[in-house]
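Undergrad: Quick one: the structure is below, and I'll ask about it shortly.
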């Protein structure tokens, strides 16, 4: 009977160790998820900054008159998109 009690005590001890490891892994998982969210936000901010810098580059090229045909088409398309958005905003404001 003593062997059974000893065996049960060992199992309980191992179970407690596993529960502690599980809790530690859950905490680590939560930290990793937070880090992932922070990195996603940072990535979005970087994408936005890149987009802004590319637009500034296009404007500078346009002002300097150093645009090739492909750049001109892309610039005109971007300007057209902005104009459409402005028109939508004006239409919404006039309602």
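Undergrad: Give me the one-decimal nm value for the distance between modelled label points at residue 62 and residue 7, 7 Å along each residue's Cα-to-Cβ direction.
TA: Modelled inter-label distance: 8.2 nm.
Undergrad: For the chain, what is the calculated [θ] at 222 nm in deg cm²/dmol (nearest 500), taking -39500 (n - 2.57) for each run of four or more DSSP H residues and dividing by its residue count?
TA: Helix-only estimate at 222 nm: -35000 deg cm²/dmol.
Undergrad: Can you give the log10 of the normalised intensity I(q)/I(0) at q = 0.15, 0.24, 0.28, 0.31 Å⁻¹, computed with Debye over equal Cα scatterers of segment 49-95?
TA: The calculated log intensity ratios at q = 0.15, 0.24, 0.28, 0.31 Å⁻¹ are -0.48, -0.85, -0.98, -1.08.
Undergrad: Want the number for residue 72 to residue 30: 0.36 nm per residue separation, take away the alpha-carbon distance, what's left?
TA: 10.3 nm
Undergrad: So what's the angle, to the nearest 10 degrees on a 0 to 90 scale, between helix 69-94 and the longest Cα principal axis of the chain?
TA: 80 degrees
Undergrad: Here's a follow-up. Measure nothing but the geometry: give the 0 to 90° angle between the long axis through the Cα atoms of 2-64 and the longest principal axis through the Cα atoms of the chain, rounded to 10°.
TA: That works out to roughly 10 degrees.
Undergrad: Take the chain, connect every pair of alpha-carbon atoms lying under 10 Å apart with a spring to form a Gaussian network, then pick out the residue of 33, 52, 16 with the largest mean-square fluctuation.
TA: Most flexible of the set in this elastic network: 16.
Undergrad: Any idea how far apart residue 88 and residue 52 come out in nm if each label point goes 7 Å out from Cα toward Cβ?
TA: 2.2 nm
Undergrad: Go through (1) 1.00; (2) 0.97; (3) 1.55 and flag the label whose value is the computed Rg/Rh (Cα atoms, Kirkwood Rh) for this structure.
TA: (3)
Undergrad: Where is the GNM fluctuation largest for the chain (alpha-carbon springs, 10 angstrom cutoff): 41, 84, 72?
TA: 84
Laboratory data are not the source of any read-out in this text; all were calculated from the coordinates shown. It should be emphasised that the depicted structure is a prediction, and the values quoted were computed from it without experimental measurement. No Cβ is skipped: glycine too gets one built from the backbone with ideal geometry, and neighbour counts run over all protein chains shown.
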